[in-house]
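Values in this text are rule-based calculations from the coordinates and carry no lab data. Just so we're clear, the structure is a prediction, and the values are computed from it rather than from any experiment. Here Cβ is always computed from backbone atoms with ideal geometry, including for glycine, and neighbour counts include all displayed protein chains.
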């Protein structure tokens, strides 16, 4: 599984030097033989894999008001032991939103390594960001134990002071990527 995850990460083309550094740090971490998966809540080991999946409908993305993080975040979750991050995105889409995921692209678009904030602050999430097809009129039955609510945001109307600190960079990459293919 470790080799498969490394290949997934190697396929990410970095947006900037920050993402290139996060990508290389992640590859080095995986190659070191360190534990990759959270095995005990909230943060054991202190660095572990997470899969974000961002539902996209044109210029809109879905964010959730996450209870523990106290931020508006993309949906996603911790990668289970011996689970592929792409499988995590599929599983979490069902668990958190009661939807069957449809990837806009199978490979992750973005990678980050971020120290968490909120009620479970202080550990590092190595996050692979996947992009899923969304529809603003789709029925969502969200996990109310994890989220206060869910909301579609226009890409230009997001208040970044209460979101994942890497969300603005992700959006820059997402819309630059898709705009490059719309010509």
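Straightening the chain between residue 24 and residue 2 buys 6.4 nm, computed as 0.36 nm per residue apart minus the Cα-Cα spacing.
Computed on the Cα atoms alone, the convex hull of the chain gives a volume of 112 cubic angstrom per residue.
When you restrict to C-alpha pairs under 8 Å that are six or more residues apart and normalise by the size of the chain, the relative contact order lands at 26 percent. Taking region 68-85 and a reference point 7 angstrom along Cα→Cβ of residue 162, the backbone N atoms nearer than 18 Å belong to 68-75. GNM on the chain, alpha-carbon springs under 10 angstrom: the most fluctuating residue among 112, 124, 149 is 149.
Working from the alpha-carbon coordinates of region 95-162, get Rg over Rh, Rh being the Kirkwood radius.
That ratio equals 0.97.
Within the chain, DSSP assigns beta bridges of which about 70% are antiparallel (rounded to the nearest 5). Determine the distance separating the Cα centre of region 10-59 from the Cα centre of region 85-117; give it in Å without decimals. Answer, in whole Å: 12.
How high is the relative contact order of region 29-115, given as a whole-number percent (alpha carbon pairs under 8 Å, six or more residues apart)? Answer for region 29-115 is 22 percent.
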